[in-house]
Each structure stands twice: as structure tokens, then as C-alpha cells.
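One structure below.
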Amino acid sequence: MRIAIAGAGAMGGRFGDMLSHDNQEVILIDRWEANLKAINTRGLIVNVSGTEHVDQIVAVQPAQVDPSEHFDLVIMFTKAMQLDAMLTDIKPILHDDTMVLTLANGIGNVETIEKYVPKENIIAGVTTWSAGLDSAGYISYGGEGIVQMQAVETGKANQVDQIVEVMNSAGLNVTLTDDAIEAIWRKAALNAVLNPLCTLLNCNIGNLGKTTTFSAMMDEILAEFQQVADAMHVPFDVTKTRNLILAQLPDEANGTHYPSMHQDMLSKRPTEIDYLNGYVARQGESRHIPTMVNRLITQEIHAMEQLVQGNH
Ligand SMILES: NC(=O)C1=CN([C@@H]2O[C@H](COP(=O)(O)OP(=O)(O)OC[C@H]3O[C@@H](n4cnc5c(N)ncnc54)[C@H](OP(=O)(O)O)[C@@H]3O)[C@@H](O)[C@H]2O)C=CC1
Ligand SMILES: CC(C)(CO)C(=O)C(=O)O
């Protein structure tokens, strides 16, 4: 299967590495020139639980992709705030026979893609796989994860089934769900708990889970998600969400992982807080639903962004 991964950072690199190792035709698309140069010069260096290998995978600028090229699948793996720009850049290769999969964190990504791609060509999903971007052309990963996804509209079932088969052959643990919106909200809530708390407390997921106040902090954040989801008529099961969060704590899951938001803060790069806690805080405020916890967390992360970036 011909696959283009738009966004060659930590997750784009991990998925590209796993798919290319399963003999799929994969290219990485990215605008970050230093990343492209490193990958095309020496290969993508991949550190898997301490053991390195080099993946000779092609990485190109969006403008370098021949518009006549047809990819069976494009996986969007930019950060949420880069998604619109990347879609504009790669629009020439978004043909009628190209499926577009989004596994990025945050709420609102599907709506952004719908501006560029017919709904029946969009597959929306979430993933608990993790990866770190150590430097340009160098990623590290470990642990296990899952992918849950669903076509936004029916009509391309055969293509979706082929994509599930290819991704599972690469070991990506993919299942189809009948409610991607619920899965996206559940993952966003997971990220709204783990990502900012690990970033503010400077700890990995496992150590956060060992604190005596973790459970109370999780429940405060999730209670506001539940109220806003109810008001927006979005199915949200706080117990399933709690269980998914707790399942990340063991080392063999994501316990040793510093969430992507922590990595962004270390790299002095913008975080996705506005697509997580910030999204729920805004939606709550517009409906006169108290969302003080998520609003304060959002403000704290933005303040931290300004401090680490020197914009204060
Ligand atoms: N990391 C993780 O463990 C997980 C992440 N996710 C989600 O997946 C999506 C992608 O995340 P992730 O792969 O971690 O993101 P990364 O920040 O690692 O990479 C995404 C893109 O950011 C840009 N970028 C990264 N670093 C730099 C830099 N130093 N200078 C310039 N550009 C840079 C590149 O795009 P560009 O060329 O446009 O600059 C890159 O393709 C996000 O929505 C994230 O929340 C989901 C599950 C786990
Ligand atoms: C790995 C995981 C699940 C932890 O929140 C994630 O989604 C991230 O790092 O952004």
C-alpha cells in the first residue's frame, strides 16, 4: 500500500517506521527542513526501548511531492495547530481515491480535514501508541498501544478494511469503532488529564499515577468533561475514560513516557492545550457551565509556554 505520512515528528516517525518495516511503501512529508535533511542524509534513527536501528525512509517537503502521485492512504500526524497548513500544502495529492486518516490528539481535527476532503474519504481515530522526538531525524519509542478508528461516512468500506489489514499487519493493533466521536472525546480527556499534569509536575505518566492526589485531580478534570459533553450531546462515559487513563500507567503501557505536551514544552514549542482542556473550558463558558479546573490548567500551561519561550 502506498502511504504518505504528513508530519514526520515522533508519531509520524513511529508509524512510518512500523509500516515501512512491514514492507509498505511509505514516504514522510514535513516542512521542517532540518528533519528532512537528517532523515535523507543518514536515515531516520529509531531508538526502540534502548536499541537503535536506522530506517532508510524517504522524507520530502510538501512541494516536492508530484501532484500526479496517488497514495492509497495519507496519515495526518502534525500537531493540531499545524493541521490546516499541512492540508493546504498537500491538497494536490488528496485525490478521490486517497483515504485520509487522522489520529492526532484534540477535538476539532475532523472538522478541519472536512474542509479539504470528502467525508467518505476521512477516517477519524485515536491512538495510545506513543513516541518521542529526540532531535531532527531521531525518534524513540517503546511500550504498546492501540488504534481505534471509524470512517466519517460509509461508502469506502473496502478501502477502510484494507487499511485496517495493512496497519494490523504492521502491529498497530487497530480496531474499528462505531463511535469515533466518543473515542476522540475519551482520548482528549485522557490527554487533558495526563499531558498538562505531567508537564506542570515535570514527571512521566507512571510517576504521576503514583501520587496520592492523582485520582482526585483526574476526577475534577473529567467531571467538567462530562458536563460539557452532556450539554453538547456527545456520548462520554467517565468510567471508560478513567479506565483508559489508568491503563496507561504501567511501564509496559505508557508509564515511562513523557506525554507529547511535556516534550513540546521542553522543545519550547506551542502545545495543544487549546484543543484539549482549553476546548472544554471554552465550550463550558459559552454554555454557562463551570469549567474552572480546565480553564485554570489551560492558563497555567499558556503561562508556562510564555516563560519557557521567554515571552514574558
Ligand atoms: N508523541 C506522542 O507520544 C503522541 C502524540 N500524539 C499526537 O500526535 C500528533 C503528532 O504528535 P507528535 O508526533 O508528538 O508531534 P511532533 O511535534 O513530534 O511532530 C509534529 C510536527 O511538528 C513539527 N516539528 C516538530 N519539532 C519541530 C521543530 N523542532 N522545528 C520545527 N518543526 C517541528 C514538524 O512539522 P512541521 O514540518 O510542520 O514543522 C513535525 O512533523 C499530535 O496531535 C499529538 O498530540 C498522539 C499520541 C501520542
Ligand atoms: C502517549 C499519550 C497517550 C500520553 O498522553 C499521548 O497521547 C501523548 O503523549 O500525547
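The set of residues in the stretch 122-136 that are assigned to a strand (DSSP E or B), closer than 25 Å to Leu36 by Cα and away from ligand 2 (no atom under 16 Å from the Cβ) contains only Ser135.
When Asn254 is tested against the conditions (1) under 15 Å from Lys187 (Cα atoms); (2) away from ligand 1 (no atom under 16 Å from the Cβ); (3) assigned to a helix (DSSP H, G or I), the lone failure is (2). Within the stretch 182-201, the set of residues being more than 12 Å from ligand 1 (Cβ to nearest atom) and touching a strand residue (DSSP E or B) at 6+ places or on another chain (Cβ under 9 Å) comprises Ala183, Arg186. Mind listing whichever residues of the stretch 46-105 are among the acidic types (Asp, Glu), surrounded by fewer than 17 Cβ atoms within 10 Å (Cβ to Cβ) and farther than 25 Å from Tyr275 by Cβ? Passing the criteria: Glu52, Asp66, Glu69, Asp96, Asp97. Is at least one residue of the stretch 175-183 closer than 28 Å to Thr256 by Cβ, surrounded by fewer than 19 Cβ atoms within 10 Å (Cβ to Cβ) and either under 18 Å from the mean Cα position of the chain (by Cα) or hydroxyl-bearing (Ser, Thr, Tyr) (or both)? Within the stretch 175-183, one or more residues are closer than 28 Å to Thr256 by Cβ, surrounded by fewer than 19 Cβ atoms within 10 Å (Cβ to Cβ) and either under 18 Å from the mean Cα position of the chain (by Cα) or hydroxyl-bearing (Ser, Thr, Tyr) (or both). When Val110 is tested against (1) more than 14 Å from the chain's Cα centre (by Cα); (2) under 28 Å from Val193 (Cβ atoms); (3) of a type in the set (Val, Ile, Thr), only condition (1) is not met. Taking the criterion of being aliphatic (A, V, I, L, M), closer than 24 Å to Met265 by Cβ and crowded, with 18+ Cβ neighbours inside 10 Å, the residues of the stretch 194-248 that qualify are Leu194, Leu197, Ile205, Leu208, Met218, Ile221, Leu222, Leu244, Ile245.
If the condition is being basic (Lys, Arg) and either closer than 19 Å to Met167 by Cα or within 16 Å of ligand 2 (Cβ to nearest atom) (or both), then the stretch 66-94 contributes only Lys79. Asn191 passes every criterion in (1) closer than 26 Å to Asp264 by Cα; (2) assigned by the TED database to the domain that holds Gly108 apart from (2).
Of note, Gln148 does not satisfy the criterion of being of a type outside the set (Val, Ile, Thr), over 19 Å from Phe77 (Cα atoms) and either more than 16 Å from ligand 2 (Cβ to nearest atom) or crowded, with 20+ Cβ neighbours inside 10 Å (or both).
Thr154 passes every criterion in (1) at pLDDT below 95; (2) within 16 Å of ligand 1 (Cβ to nearest atom) apart from (2).
This table checks each residue for (1) more than 13 Å from ligand 1 (Cβ to nearest atom); (2) out of contact with any strand residue (DSSP E or B) (no Cβ under 7 Å at 6 or more places or on another chain); (3) more than 25 Å from Asp30 (Cβ to Cβ); (4) modelled with pLDDT of 95 or more.
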residue: Tyr138; (1), (2), (3), (4): no, no, no, yes
residue: Val147; (1), (2), (3), (4): no, no, no, yes
residue: Gln162; (1), (2), (3), (4): yes, yes, yes, yes
residue: Glu165; (1), (2), (3), (4): yes, yes, yes, yes
residue: Val174; (1), (2), (3), (4): yes, no, no, yes
residue: Ala180; (1), (2), (3), (4): yes, no, yes, no
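Report the residue count in the stretch 78-121 for those that are in contact with a helix residue (DSSP H, G or I) (Cβ under 8 Å, 6 or more places away or on another chain), of a type in the set (Val, Ile, Thr), touching a residue at least 60 places away in the same chain (Cβ under 8 Å) and in a helix (DSSP H, G or I). The total comes to 2. Can you find even one residue in the stretch 199-213 that is in the same structural domain as Arg269 (by the TED database), in contact with a Lys or Arg (Cβ under 9 Å, 6 or more places away or on another chain) and assigned to a helix (DSSP H, G or I)? The answer is no, given that none of the residues of the stretch 199-213 is in the same structural domain as Arg269 (by the TED database), in contact with a Lys or Arg (Cβ under 9 Å, 6 or more places away or on another chain) and assigned to a helix (DSSP H, G or I).
The values are calculated or read from the model by the stated rules, or taken from the named source; none is laboratory data. These figures come from a predicted structure and were not determined experimentally. When we count neighbours, we look across all protein chains shown, and the Cβ atoms used for this are built from the backbone with ideal geometry, even at glycine.
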